[in-house]
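Each remark here refers to the structure printed beneath this line.
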Amino acid sequence: MNGRGRALPLSLYFFGLIALLYLPIAVLFLFSLNANISLSFPLKGLTLDWYEKLFDSPAVLRAARNSLVVAAGSGFAATILGTMVSILYLRYQFRAREFLMALAVLPLIVPYIVLAVALLLLFSVVNIDRSLWTVGIAHTVVALPYVVLIVASRLAGFDPILEEAAMDLGADYPTTLRRIVLPVIFPAMVSAYITAFTVSFDEFALALFLAGTEPTFPVYLFSQLRFANRLPVMIALAVLLMLVTLTLVFISERIRRAE
Amino acid sequence: MGRSESRAVTTPVPSRPSDTLPHPAARGMGEGRGGGLDRRATFRWLYLPPLLWLGLFFLIPLSLMAAFSFRANIRGNLLQWWTPTLAHYTSLAATGSYWRLLGISALMAFGVATIAVILAYPVAYFLAFRAGRRAGLYLVLLLIPFWTSYLLRVMAWKLMLGTEGVINSFLQYVGLIQEPLTALLYNRNAVVVTLIYVWIPFATLPILAALQRIEPNLFEAAADLGARPFQQFRRITLPLSLSGVFGAFFMVFIPTIGEYVTPLLVGGSRGSMYGNIIQDFFTKAANWPLGSALSMVMLVTTLLLVFIATRIINIRDLLE
């Protein structure tokens with residue numbers, strides 16, 4: 001567009017902002033290595049104690065496991081349901097087509113607090129105890145829009161002529177879906193699954209209302225915030241979990257690029 | 001259904017109103033090309049699960065909440081029939097503090113969304129036009145904080161802003177202040193700052209998408225016609241990226257207006273938002289009907305705002 005000189009202020013701005021964005025995360029990381037309970041300057045010393053203590057505390061690990069289970073399960077359900085909606089929306093013509101799409105994307109617009117209390121009401125009325133299941137159900141609902149947006153945009157870019165060809169050659173529609181459509185949108189489904197997984201894994205606003213005696217990691221983290229001496233251990237685990245999330249995201253990016 | 005069978009279904013079957021026969025416009029999938037019966041049979045399997053799920057766990061709970069907002073109290077069996085009452089809505093309408101808090105929450109969401117978009121715009125511009133081959137890498141760099149636990153990022157700000165936090169202890173260490181500043185944490189400013197921080201990476205995405213859709217030819221044409229860089233920006237780049245700007249604004253505004261977690265952590269009692277009173281009525285106060293009425297007000301407000309937004313921006317642009 002124009003000279004490279006003009007890029008300098010912009011790149012300064014960009015990297016300045018990046019530094020600001022990373023500052024609180026760096027603070028957390030330092031905190032997880034800090035020998036003192038409270039984080040104040042100058043640091044008293046560095047230690048890996050908190051990471052060791054992590055493995056002596058079964059409740060923390062259990063909460064982390066719960067989060068992994070809920071995220072894996074709700075991510076799976078959301079991916080299947082969202083893919084169904086995407087195929088319906090882009091490959092079928094029916095009266096409720098726009099309604100179904102609107103319904104599937106609507107959870108993006110309804111505030112989490114509203115959905116949380118509404119689901120709490122539902123589960124109380126039908127006498128279902130709150131558990132990891134109820135959290136997972138809620139997470140499936142809120143992850144669905146992301147799946148639909150990701151999978152539908154991939155499917156929209158895929159010319160139906162291949163499907164027609166398959167059917168002209170005698171394949172029935174389920175076979176065509178299985179052999180032609182699914183392989184084409186599979187990378188998008190993986191990407192959608194990982195997105196749904198991270199949405200659930202990180203979700204707190206719904207989980208706080210819907211988790212029963214078994215907390216997910218964010219809920220457990222929140223319950224421990226009152227105890228200052230538990231904080232470094234929690235942050236140590238959070239740093240580890242952050243690495244898990246980042247790894248997943250990188251895998252998903254690679255798959256997306258590979259297309 | 002076997003292959004030969006499906007091949008045989010070439011005559012169009014008369015369709016029921018809500019049926020699945022491909023529309024002529026449905027991307028060239030004509031009838032009688034194997035798109036007959038098995039396609040309609042598949043339809044049901046694709047249609048029922050998402051519809052049931054969203055019906056059971058999205059529509060019914062929200063309807064139930066609407067119904068509960070007309071219930072006098074939650075004494076007795078939750079399922080037993082009740083006479084509808086408008087009592088909660090009248091008491092809600094008469095309580096100025098609820099409306100004030102809703103107004104404040106909307107204002108905070110407006111502020112957070114506006115500032116996040118303004119801060120994100122140059123970032124998107126840099127990534128779209130100046131970052132060159134490294135744009136992908138820089139984008140990942142920008143998004144890593146967004147992929148970090150939300151609760152944790154909010155907590156990081158608590159560690160930053162607290163009286164024994166990073167900012168205070170740093171300022172004391174370098175000797176700028178003697179006593180810790182208490183005004184940093186537990187108020188609405190802390191909530192707003194934290195939320196802006198949380199949303200900047202996310203706000204960049206729709207703007208970036210809009211900027212990337214601009215035809216590069218337009219800039220060449222403008223330059224050929226003698227437009228200076230700033231004129232190019234004002235007359236081409238900015239107008240063409242507005243859909244992304246509005247998209248980013250609402251993608252931040254909507255979740256922010258219903259926030260209750262961030263105020264809980266960094267806002268304290270002076271920094272609470274509308275979502276916090278809903279939470280209180282469902283937990284501490286255990287007044288579910290009134291809480292439902294407050295929830296309904298929040299839901300209607302949000303849907304109304306989104307409806308207005310869709311008048312301004314084309315949602316379909318955001319899908320791409």
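The values are calculated or read from the model by the stated rules, or taken from the named source; none is laboratory data. From a predicted model like this one, the values you see are computed outputs, not experimental measurements. Note: ideal-geometry Cβ built from the backbone for every residue, glycine included; neighbour counts use all protein chains shown.
Computed values, structure above
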quantity	calculated
Test result for B:Ser295, more than 11 Å from chain A (Cβ to nearest Cβ) and either crowded, with 20+ Cβ neighbours inside 10 Å or under 30 Å from B:Ala183 (Cα atoms) (or both)	no
Where A:Glu253 falls short, out of the listed (1) assigned to a helix (DSSP H, G or I); (2) facing chain B (nearest Cβ under 10 Å); (3) buried (at least 17 other Cβ atoms within 10 Å of the Cβ)	(3)
Helices (runs of 4 or more DSSP H) completely within region B:196-278 that count 2 or more residues being under 20 Å from B:Val117 (Cβ atoms) and small (Gly, Ala, Ser)	B:238-257
Residue in region A:159-182 that is over 23 Å from B:Trp45 (Cβ atoms) and more than 10 Å from chain B (Cβ to nearest Cβ) present	no
Number of positions in region B:137-186 that are of a type in the set (S, T, N, Q), buried (at least 18 other Cβ atoms within 10 Å of the Cβ) and more than 8 Å from chain A (Cβ to nearest Cβ)	1
Region A:66-92: number of residues that are more than 11 Å from chain B (Cβ to nearest Cβ), surrounded by 24 or more Cβ atoms within 10 Å (Cβ to Cβ), closer than 15 Å to A:Tyr146 by Cα and not polar (S, T, N, Q)	2
Pair list, Cβ < 6 Å and 6+ apart or interchain, from region A:162-185 residues that are assigned by TED's automatic domain parsing to the domain that holds A:Thr83 to residues that are acidic (Asp, Glu)	A:Asp172/B:Asp38; A:Tyr173/B:Asp38; A:Thr176/A:Glu163; A:Ile180/A:Glu163
Residue check, A:Ala118 at the interface with chain B (Cβ under 7 Å from one of its Cβ atoms), touching a Ser or Thr at 6+ places or on another chain (Cβ under 9 Å) and surrounded by 23 or more Cβ atoms within 10 Å (Cβ to Cβ)	yes
Of all residues in region B:38-53 being more than 7 Å from chain A (Cβ to nearest Cβ) and basic (Lys, Arg), the one that is surrounded by the fewest Cβ atoms within 10 Å (Cβ to Cβ)	B:Arg44
Members of region B:132-164 found to be free of Cβ contacts under 8 Å to residues at least 40 places away in the same chain and in contact with a Ser or Thr (Cβ under 8 Å, 6 or more places away or on another chain), listed by number	B:Trp147, B:Thr148, B:Ser149, B:Thr163, B:Glu164
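Each row is one residue, and each column tells you yes or no for (1) assigned by TED's automatic domain parsing to the domain that holds B:Pro201; (2) touching an Asp or Glu at 6+ places or on another chain (Cβ under 9 Å); (3) part of a helix (DSSP H, G or I); (4) at pLDDT below 95.
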| site | (1), (2), (3), (4) |
| --- | --- |
| B:Leu46 | no, no, yes, yes |
| B:Leu78 | no, no, no, yes |
| B:Trp81 | no, no, no, yes |
| B:Leu137 | yes, no, yes, yes |
